[in-house]
Amino acid sequence: MSDLPRALPAPLPALICEEFRVPAADAGIQIYARNKRPAALTTFTPQRTLLYVHGSTYPASTAFDLNIDGCSWMDFIAARGFDVWLLDLRGYGYSTRPREMNEPPENNPPLVRTGTAVADIGAVVAHILALRGIKKLDLLGWSWGTTQMATYTARHPQQVHKLVLYAPQWIRPLPAQMPAQPGAYRTVTRAQMLERWLHGVPAGKRDTLVAPGVFDAWAEATMATDAEGAKRNPPVLRAPGGTVADTREIWTAAQKPFYDPREITVPVLIAVAEWDRDNPPSLAQTLFPLLVNAPYKRLVMLAEGTHTIMLEKNRIDLFNAVQQFLEE
């Protein structure tokens, strides 16, 4: 394994960036996918091909590929010689939004349940494998995305080389009162985005957690993906309600996981930050010993970071932990 940097690469090698619209299994739905790779890369292998998917609220296109000091996480991996992909699930980012999202949320049931998301991932995986002429690839999921990627891996182990679960979802304790059943979609304001990000961060650390301008750049880019939401006062980001319904009905009320960890038979890395209040470290620690059929596995705890550590001051620690696993 080559040495990993303690700082982000500067300057980056020449990278190619391409965008794709991948047809979903459902007519009229297109899944947005973005690819970055070194300009000199002409031979593609499972060991150096990776696909990333986002969590329940924000698209991949503005988190995994946000330029901070000249380098996104996507850039970082591509600069190490990888063919790197991201996708926005239907209803998110630059992918097709179901027509129900143009109606009041109470008019329709929760949209984009986890099974639908896994099917969208399958369409993009098939596209990548066919385009590159390879049999498998690495999968990386964040938050709800870990459930999607783990489910896909359990169902299609022959197409997965390695699996990375960043801030994984798992069974939660029963609350005193169950949250209300969500509508077709949710709305999030800019102020709510910031409040959620900083939840659980010690008061004395809040001012130094995120570099100046990073939250604003991310929030603006994220809100800009939803033209309809931007017309509201105040502007909002709309996100499908399916993941909230699944968390409520399956993970919490039924106390069952969406997938069986015993069915994962590829190497697994779990990474979680100490101040994560969305999916706290206890969930990762519970999941880890259940991965009994992974050839090898690793659990990494990252200091002074939240659910969104990929955009924070200690993001290089996350990048290096994942990169070491991918390259070994």
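Every number here is computed from the coordinates shown, using simple stated rules; none is lab data. Here the structure is a predicted model, which is why all the values come from computation and not from measurement. Positions of Cβ are backbone-derived with ideal geometry, glycine not excepted, and every protein chain shown enters the neighbour counts.
In the chain, how many lysine pairs have Cα atoms under 14 Å apart, counting only pairs 8 or more places apart or on different chains?
Details: K135/K162; K136/K162; K162/K297; K205/K313.
Number of lysine pairs found: 4.
Can you name the helices of the chain, as whole DSSP H runs, whose Cα span along the helix axis is 20 Å or more and whose Kyte-Doolittle mean is not below -0.5?
On the way: long enough: 114-132 (27 Å, 1.31).
Those that pass (Cα extent of 20 Å or more, hydropathy at least -0.5) are 114-132.
What's the center-to-center distance, using Cα atoms, between the stretch 261-328 and the stretch 111-158 in Å?
Going from one Cα centre to the other spans 18 Å.
Convex hull volume of the Cα atoms in the chain, per residue, in Å³? Numbers along the way, then the final one.
Working: hull volume 43.8 nm³, N = 328.
Per-residue hull volume (Cα only) is 134 Å³.
Quick one: which residues, 5+ away or cross-chain, put their amide H under 5 Å from the amide H of I31? H built at 1.01 Å from N.
Residues meeting the criterion, in which the H sits 1.01 Å from N, are V22, A24.
Would you mind counting up the charge near R206? Only other residues with Cβ under 12 Å from its Cβ, with Lys and Arg at +1 and Asp and Glu at -1.
Numbers: positive: K205, K313; negative: E195, D207, E304, E312.
Net of charged neighbours comes to -2.
The stretch 55-104 to the stretch 186-208: how many Å between their Cα centroids?
If you average the Cα positions of each part, the centres end up 20 Å apart.
Rank the residues F20, F319 as a footprinting-exposure proxy: fewest other Cβ atoms within 10 Å of their Cβ go first.
Numbers: F20 16, F319 20.
Lowest to highest Cβ neighbour count: F20, F319.
Provide M193, M310, M74 in ascending order of the number of other Cβ atoms located within 10 Å of each residue's Cβ, fewest first.
Values: M193 20, M310 23, M74 26.
By the 10 Å Cβ count, ascending: M193, M310, M74.
So how do T43, T306, T151 line up by other beta-carbon neighbours within 10 Å, fewest first?
Values: T43 8, T306 25, T151 22.
With the sparsest Cβ surroundings first, the list reads T43, T151, T306.
Treat each spin label as a single point 7 Å out from the Cα along the C-beta direction, and report the H199 to A126 distance in nm.
Each label point lies 7 Å from its Cα, and together they span 3.7 nm.
Would you work out the relative contact order for the stretch 15-327, in percent, from Cα pairs under 8 angstrom that are 6 or more residues apart? Before the final figure, lay out the partial values.
On the way: 647 pairs, mean separation 60.2, N = 313.
Over the stretch 15-327, the number comes to 19 percent.
Report the antiparallel proportion of the DSSP beta bridges in the chain as a percent, rounded to a multiple of 5.
Details: 20 of 44 bridges.
Expressed as a percentage, antiparallel bridges in the chain total about 45.
Please give the calculated 222 nm ellipticity per residue for the chain, where each DSSP H segment of at least 4 residues contributes -39500 (n - 2.57) and the sum is spread over every residue; nearest 500 deg cm²/dmol? Spell out each step's value before the answer.
Numbers: 10 runs with 90 residues, N = 328.
It lands at -7500 deg cm²/dmol.
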